[in-house]
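Working notes, beginning with the structure itself.
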Amino acid sequence: MMRRSVLCLLSILLFTSLAQADQVGEYLKAQMELHRIPGIALRIIQDGKVTKTSTYGVGNLELNVPVTPETVFEIGSITKQFTAAGILLLAQDGKLSIDDPISRHLKNIPDSWTNITIRHLLSHTSGIKSYTGLTGFELTRHLTQEQFVRAIGEHALEFQPGESWKYCNTGFNLLGYIIENVSHKSYWEFMNDRIFRPLEMTATRNRRPGDIILDRAAGYEQTNHIWINRDYDLTDVFAAGAIVSNIGDLTKWNAALDCEAILSASSKEKMWTPAKLNNGKATKYGLGWFIETVEGHRNIGHGGSTSGFSASIQRFPEDKLAVIVLSNTDEQIATTLARHVAGYYFGRK
């Protein structure tokens with residue numbers, strides 16, 4: 001009788017798992033058709049185990065190359081959590097404090113930046129204008145740190161530090177420079193030494209267009225519902241959004257966040273605590289991560305969007321669930337997809 005009950009329970013669990021998988025696949029295929037998404041890579045992790053790995057569509061339309069788990073996508077602003085981790089690693093090393101004024105680690109900054117701290121940059125509360133949409137910050141210009149600070153410093157603060165919240169790519173480029181100045185290494189060397197190499201994230205690196213990157217997906221935009229190759233006049237998003245990766249490497253990163261392989265428990269608590277404004281009001285952003293609620297479930301995540309790519313990693317700590325979606329479309333849709341997929345694992349859909 002006992003054996004029969006166990007077999008029955010296992011059958012129910014297997015049926016539930018297969019049903020979830022079928023629903024997820026049907027949903028993503030429908031969304032790909034509706035939004036004309038060339039390709040998607042999906043990874044679902046629950047209770048520390050990979051429960052679903054699926055790939056759909058193509059990584060390169062011209063060559064008709066299918067997406068595989070090894071396909072490398074630009075991950076855009078998911079880069080910010082790695083930059084935040086880099087700063088926190090330097091804090092763990094005792095080389096800086098996140099409450100240091102940025103003037104301690106950056107040279108020749110405008111007088112208006114005097115009261116801005118590293119924490120302000122990490123939490124998008126600095127008031128510095130984002131370079132997004134501005135001319136003069138293209139990758140082809142190869143701005144030095146000094147040139148970048150001078151160029152963005154010509155723009156007035158949009159609010160005083162800590163008075164408001166506004167998403168700001170500039171702040172994370174500046175954090176990348178701080179990592180370089182404090183560590184005496186390039187940003188990419190530091191990331192390789194302290195995060196990518198220790199976690200064996202062998203596909204994760206700088207997106208630099210001229211580099212040969214195995215399994216790199218092509219990015220696509222749409223004009224009048226016609227796919228075109230993405231615009232290669234790219235903004236230099238550097239430490240705010242220039243990482244490429246794949247679902248396998250991001251799974252390793254997700255696992256590292258579940259333990260203290262890279263960051264201490266104290267550092268992760270800082271990273272995942274919503275920042276507060278000067279008036280005490282909490283924001284929905286920690287240090288490199290959004291802190292929100294989805295269908296009543298605590299959600300720590302971040303999306304990323306660059307020309308021709310949309311990516312997302314969404315973690316649900318109390319559910320021990322993580323969903324990673326990488327795609328080669330210009331529509332900022334990956335977070336919507338990831339959160340909807342998570343819903344099937346909440347038992348709600």
- Note on the structure: Reduced to Cα centres, the span from segment 131-149 to segment 271-340 in Å works out to 27
- Task: Given a cut-off of 21 Å, name the pairs among K252/K320; K95/K166; K95/K268 whose C-alpha atoms lie farther apart than that in the structure shown.
- Result: K95/K166
- Query: If you take the charge dipole of the chain about its Cα centre, with +1 on Lys and Arg Cβ and -1 on Asp and Glu Cβ, which of I75, L96, T135 is farthest toward its positive end?
  - Reply: L96
- Message: Given a 10 angstrom Cα cut-off, can you work out which residue in H302, H225, H35 is the most mobile in a GNM of the chain?
- Response: H225
- Note on the structure: the chain: relative contact order from alpha carbon pairs under 8 Å, six or more residues apart, as a whole percent, is 23
- Yeah, segment 231-349 with a ≥ b ≥ c from its alpha-carbon gyration tensor (a/c under 1.5 is rounded, else prolate when a/b outruns b/c, oblate otherwise) is rounded
- Based on the Cβ-Cβ distance of C259 and Q23, what FRET efficiency does E = 1/(1 + (r/R0)^6) give at R0 = 22 Å, to the nearest 0.05? 0.10
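So how strong a dipole does segment 246-349 carry about its Cα centre when Lys and Arg Cβ are +1 and Asp and Glu Cβ are -1, to the nearest 20 debye?
300
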- Select from G25, G171, G86 the residue whose mean-square fluctuation is largest in a Gaussian network model of the chain (Cα-Cα springs shorter than 10 Å). G25
- Calculated FRET efficiency for the pair E62/T283, C-beta based, R₀ 51 Å, to 0.05: 0.75
- Task: Could you tell me how many degrees, from 0 to 90 and to the nearest 10, lie between the Cα long axis of helix 79-92 and the main elongation axis, the longest principal axis, of the Cα atoms of the chain?
- Result: 60
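According to the square roots a ≥ b ≥ c of the eigenvalues of the Cα gyration tensor, what is the shape class of the chain, taking rounded for a/c under 1.5, prolate for a/b larger than b/c otherwise, and oblate for the remainder?
Working: a/c = 1.93, a/b = 1.43, b/c = 1.35.
Note, shape of the chain comes out prolate.
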- Task: Have a look at I291, L34, C259 and report the one farthest towards the positive end of the charge dipole of the chain, computed about the Cα centre with Cβ charges (Lys/Arg +1, Asp/Glu -1).
- Result: C259
- Task: For segment 205-278, run through the GluC sites (Glu not before Pro) and keep only the ones in DSSP coil with at most 13 other Cβ atoms within 10 Å of their Cβ.
- Result: E260
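Please state the charge dipole magnitude for the chain, taken about the Cα centre, from unit charges on C-beta atoms (+1 on K and R, -1 on D and E), reported in debye and rounded to the nearest 20. Don't jump to the answer; show the numbers that get you there.
Values: 36 positive and 36 negative charges, 187 e Å.
About 900 debye.
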- Message: Using alpha carbons only, how many angstrom separate the centre of segment 161-214 from the centre of segment 52-126?
- Response: 6
- Message: For the chain, set up a GNM with springs between Cα atoms under 10 Å and report which of H155, H105, H120 has the largest fluctuation.
- Response: H155
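Stretched out fully, how many nm does the piece from D99 to E163 gain, at 0.36 nm a residue minus the Cα gap?
Numbers: separation 64, 0.36 × 64 = 23.04 nm, distance 1.60 nm.
Full extension from D99 to E163 adds 21.4 nm.
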- Note on the structure: So the angle from the long Cα axis of helix 247-257 to the longest Cα principal axis of the chain, reported in degrees to the nearest 10, equals 70
- Looking only at Cα atoms, what is the convex hull volume of segment 109-250 per residue, in Å³? 148
- In degrees, nearest ten, helix 2-35 long axis to first principal axis of the chain (Cα): 50
- Message: Please state the shape class of segment 68-180: rounded when a/c is under 1.5, otherwise prolate if a/b exceeds b/c and oblate if not, all from the C-alpha gyration tensor.
- Response: oblate
- Query: V72's amide H: which non-local residues (gap 5+, or another chain) put their own amide H closer than 5 Å, with H modeled 1.01 Å from N in plane and none for Pro or chain starts?
  - Reply: R216, A217
- Within straight-line cross-link reach of K129, aspartates and glutamates at Cα separation under 13 Å, skipping those fewer than 8 residues along the same chain: E154, E158
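Run the numbers for R141 and Q222: contour at 0.36 nm per residue of separation, minus the present Cα-Cα distance, in nm. It would help to have the intermediate numbers written out before the result.
Details: separation 81, 0.36 × 81 = 29.16 nm, distance 2.63 nm.
Length difference between fully extended and current span is 26.5 nm.
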- Could you please state how large a percent of the accessible area of the chain is carbon and sulfur, counting protein chains only and using a 1.4 Å probe? 51
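Considering Cα pairs under 8 angstrom that are at least six residues apart, work out the relative contact order of segment 207-349 and quote it in whole percent.
Computed over segment 207-349, the figure is 19 percent.
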- Item | Relative packing of 68-76, 306-314, 248-256, which averages over residues the other C-beta atoms within 10 Å, highest first | 306-314, 68-76, 248-256
- Note on the structure: Summing -39500 (n - 2.57) over every DSSP H run of at least 4 residues in the chain and dividing by its residue count gives a helix-only mean residue ellipticity at 222 nm, to the nearest 500 deg cm²/dmol, of -10000 deg cm²/dmol
- Message: Let's see if you can work this out: charge +1 on each Lys and Arg Cβ, -1 on each Asp and Glu Cβ, no other charges. What is the dipole magnitude of segment 133-186 about its Cα centre, in debye to the nearest 20?
- Response: 140
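The values are calculated or read from the model by the stated rules, or taken from the named source; none is laboratory data. Because the structure is predicted, anything quoted here is derived from the model rather than measured. Heads up, the Cβs are rebuilt from the backbone with ideal geometry, glycines too, and the neighbour counts pull from every protein chain shown. Note: accessible area is taken over every heavy atom of the protein model, side chains too, but ligands, DNA and RNA are not part of it. Shrake-Rupley method; radii C 1.70, N 1.55, O 1.52, S 1.80 Å.
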